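Participant: Below is a structure I'd like to ask you about.
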Amino acid sequence: MSENTGKNLNNNDSLKRINEELFRKLQLAYFSVDSKMKVCDASKNLVNYGFPELKKGQSVEDKIDFMIGMDADTELELPVVSSPSGIPVSVNLMPSNDKLTVLISNAERSTEQHRMLQQAANENELLAEKQKKLMARLEQASKELEDKNQQLEEAARLQTSFISGVSHEFRTPLTSIIGYTNLVQQDLSKMSEEIAPRIVKQDNEQYLNAVQRSSKHLLSLVENLLDHGKLDSEEIVVNPKKTNLDELFNDVSLLLSPLSETKNIELNVNLDAPKGVDVVIDDSRLRQCLINLVGNAIKFTDIGSVNLDAKLDGDELNVVVRDSGIGIGREEMEKIRLPFYQVADTGKVGTGLGLTITERIVSLMGGSLSIESQLGEGTSVHLTMPAPKIEREIFSAEMGALPTVSKLKVLVAEDDSFIADLVVVMLQEKGIDVTCVANGALAVEMLQTKSFDLVLMDIHMPIMGGYQAIEKLNQLGNSAPIVVMSASATESDQERAAQLGCAAYLVKPVDVEEIISIAHTVTSPQQ
Amino acid sequence: MVGDFSVGKTSLTQKFVNNVFSDKYLTTIGVKIDTVEVDDTKLIIWDVAGRDSLSPVNVSYLVGAAGVVLVADGTRPSTVENLFDIWSSVEKRIGDVPCVVALNKADLSDGWSVSEETVNSLHDRGWEIFKTSAKQGDEVGTLFETLARKIND
């Protein structure tokens, strides 16, 4: 053996060792196949990756699955393949000289890092997709909710409009019923014993009282429905003005005493307020609230008393309506403020709106309402509202004296013949000279030929309505004060009448005394 | 098995090969290879890592494939729409091989959001469509058996 040959052998040996060391460190395995995919050579460490031991001449496709379908001349890199052992490997197919060498290396470390990053990225993307989906659903739900709200608002508006319309339509016939009943009651009281025997007279008075009470009850139901509708559509506006509380509480007492007397219940009204002082408050709304609360108290009390105690404390009015009635159970307490709710098994009827309306009006007036009650022991309703004090103006007897109305000439424009006849009779009884026409056009025509001290004008009339007639009369320079007399109680109608310069606005059913009072005011020389 | 990530390629394969299912999502890196006999045909199933917005399907894994299962998630419409792009890459690399479509996760009926229009456009490509559920096993066997038959035809 020559020296060179020895060196070469040494070099080959060391190269082989280096190769082996490199294969060991990189955990490289390999095999090579010929053009017919028969094994030419293979490393023993293939088994470390779960591959079977390959023997020369074997078909590689029978032994290694990923080689099925491969060509011997295809160069290919499969970065990560899960080997039969589960260890991820990188596979490189390298064709050369009719042979295909396949190198397999361990890709476990890089794959694990890649897997963690990919897993996090994919989960994030899935989360983003879910969020997007949820947002879309949320938007859809929000849109549906908005649509539903609009539908509900529209339904509420239609309901309010329907209630207002129906209430308005009820007023006109009720005006007739109450007015004519009044007239018949008056006539009956004037009848002599010969014309109407006492027993018949008593019976008839009783029947008429029943008609009157029922009509007034029906009217209050209609008023409640109308107010509820107006509160819903925010049509009710509070108009605070100078108010004499003594008179107001006296009115309430006078108005409700007959009701308490019929039930043999004591009604006590007490006002503790400094003398000679008025307050700034919406008197009609306060009166309405007190009538509702005291009326309710009387309704639900069969034995004992109802007390209305009020105290003007600084610029605040505190009212307590206390009764010894049936009281309210704890379960019912939360529900009684709901509109249309009525406590079951009481045998009392109504709309279930009185308390709701009162509470909403009190709130509009800047006040609050609270209820204390125990079943079987009565109820106390506490009401507090601002009532700024103001000094009362003193009128002399002369200044306050009302001129006589007996010589007044009044024109009534009213298309409903029942109402027209009623108003004519009522005014004529007071000695007033009344002329009646059936529409606005006739009223205009009449006022051009004859002078009147006062015009009572209905709004909804055929041919020419009230507003149109007033506009026409304004253009013609009419000087007679015009008072609107309508079944419509809406704020917008009242505002329009004021804009047209009308002296007053009366809501049907109107009382003759109310007309007379207005007539005094608008025709007095001081005006 | 190709398709977007998390559409259920591994779940379908595991259900068919080993009759197992797991709700836990574990992303596939590279390719997993499984073998199964279908009516005297040996199917070597290459379960290729899913496509995501940043990485397309690695078409090297498709070399030598005799057929393709396109997999989409029926609750994620974008994964169904993406099948057309995926197929373009497949066809470009290995040609017009037999193909079946799995609209997977059919058990999630509440979230199912594949429109009839999309299904029609898949049909128009001449692909047979299977509403599969790897969870419940619905249509899984039929899916692979149909592909095996198409490859043998």
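Participant: Using 0.36 nm per residue, how much length does the chain from residue A:198 to residue A:474 gain when fully extended, once their Cα-Cα distance is taken away?
Facilitator: Gain on stretching residue A:198 to residue A:474: 94.0 nm.
Participant: A further question follows. Figure the gain on full extension for residue A:157 and residue A:280 (residue separation times 0.36 nm, minus the Cα-Cα span) and round it to one decimal in nm.
Facilitator: Length difference between fully extended and current span is 41.0 nm.
Participant: With point charges of +1 on the Cβ of Lys and Arg and -1 on the Cβ of Asp and Glu, referenced to the Cα centre of region A:204-291, which listed residue (A:257, A:225, A:279) lies farthest in the positive direction of the dipole?
Facilitator: A:257
Participant: Per residue of region A:369-384, in order, report the coupling 6.51 cos²θ - 1.76 cosθ + 1.60 (Karplus, θ = phi - 60°) as ³J(HN,Hα) in whole Hz, putting x for Gly and Pro.
Facilitator: Residue by residue, region A:369-384 yields 9, 9, 10, 10, 7, 9, 4, x, 10, x, 9, 10, 10, 9, 9, 10 Hz.
Participant: Excluding residue A:186 itself, calculate the net charge of residues whose Cβ lies under 14 Å from the Cβ of residue A:186, where each Lys or Arg counts +1 and each Asp or Glu counts -1.
Facilitator: -2
Participant: Measure up A:201/A:299; B:9/B:92; A:409/A:508 against 24 Å on the Cα-Cα distance and list the ones that go over.
Facilitator: From A:201/A:299; B:9/B:92; A:409/A:508, over 24 Å: A:201/A:299.
Participant: In nm, to one decimal, how far is the modelled label at residue A:61 from the one at residue B:152, with both set 7 Å along Cα→Cβ?
Facilitator: For the pair residue A:61/residue B:152, the computed spacing is 1.7 nm.
Participant: How far apart, in nm, are the 7 Å Cα→Cβ label points at residue A:148 and residue A:136?
Facilitator: Roughly 2.2 nm, to one decimal.
Participant: Count charges around residue A:318 for me, please; just the other residues with Cβ under 15 Å from its Cβ, Lys/Arg as +1, Asp/Glu as -1.
Facilitator: So the surrounding residues net to -3.
Participant: How much mean residue ellipticity at 222 nm does chain A get from its helices, if each DSSP H run of length 4 or more adds -39500 (n - 2.57) and you divide by all residues, to the nearest 500 deg cm²/dmol?
Facilitator: That calculation yields -16500 deg cm²/dmol at 222 nm.
Participant: Of B:80, A:306, A:482, which is farthest towards the positive pole of the protein assembly as shown's charge dipole, taken about the Cα centre with +1 and -1 on the beta-carbons of Lys, Arg and Asp, Glu respectively?
Facilitator: B:80
Participant: Helix-derived [θ] at 222 nm for chain B: sum -39500 (n - 2.57) over DSSP H runs of at least 4, divide by residue count, nearest 500?
Facilitator: Helix-only estimate at 222 nm: -9500 deg cm²/dmol.
Participant: I've got another one for you. Determine which aspartates and glutamates satisfy two conditions relative to residue A:472: a Cα distance under 19 Å, and not lying fewer than 8 residues away in the same chain.
Facilitator: Straight-distance partners of residue A:472: A:414, A:415, A:445, A:453, A:458, A:493, A:495.
Participant: Turning to a different aspect of this structure: I'd like the orientation of helix A:417-429 relative to chain A: the angle between its Cα long axis and the longest Cα principal axis, in ° from 0 to 90, rounded to 10.
Facilitator: Value to nearest ten degrees: 40.
Participant: Can you give me the Cα centroid spacing of region A:220-282 and region A:308-341 in angstrom?
Facilitator: Computed from Cα coordinates, the inter-centre distance equals 14 Å.
Participant: Here's something else I'd like to know. For a quick check: sort B:99, A:40 by the number of other beta carbons within 10 angstrom, fewest at the front.
Facilitator: Values: B:99 20, A:40 16.
Ordered from fewest to most neighbouring Cβ atoms within 10 Å, B:99, A:40 come out as A:40, B:99.
Participant: In whole angstrom, note down how far apart the Cα centers of region B:2-32 and region B:80-121 are.
Facilitator: Comparing the Cα centres of region B:2-32 and region B:80-121, I get a distance of 16 Å.
Participant: Just tell me how shielded B:28-37 is by partners: mean number of partner chain Cβ atoms within 10 Å of each residue's Cβ, no decimals.
Facilitator: If you average over the peptide's residues, the count of other-chain Cβ atoms is 6.
Participant: If you don't mind, another one. ³J(HN,Hα) across region A:492-502 via Karplus (A = 6.51, B = -1.76, C = 1.60, θ = phi - 60°), whole Hz, x for Gly/Pro?
Facilitator: Along region A:492-502, the couplings run 5, 5, 5, 5, 4, 4, 5, 4, 7, x, 5 Hz.
Participant: Next question, about the same structure. Can you bin the protein assembly as shown into rounded, prolate or oblate? Criterion: square roots of the alpha carbon gyration tensor eigenvalues sorted a ≥ b ≥ c, rounded for a/c under 1.5, prolate for a/b above b/c, oblate for the rest.
Facilitator: In terms of gyration-tensor shape, prolate.
Participant: In whole Hz, with x marking every Gly and Pro, tabulate ³J(HN,Hα) for region A:60-67 from phi via Karplus 6.51 cos²θ - 1.76 cosθ + 1.60, θ = phi - 60°.
Facilitator: So the Karplus estimates, Gly and Pro as x, are 5, 5, 6, 10, 10, 4, 5, 8 Hz.
Participant: Calculate, in nm to one decimal, what residue A:188 and residue A:244 gain on full extension: separation in residues at 0.36 nm each, minus their alpha carbon distance.
Facilitator: Gain on extension, residue A:188 to residue A:244, equals 16.6 nm.
None of the figures in this text is laboratory data; all of them are computed from the coordinates on show. Since this is a predicted model, take the numbers as computed values, not measurements. Counting neighbours? That spans all protein chains shown, and the Cβs are built from the backbone with ideal geometry, glycine included.
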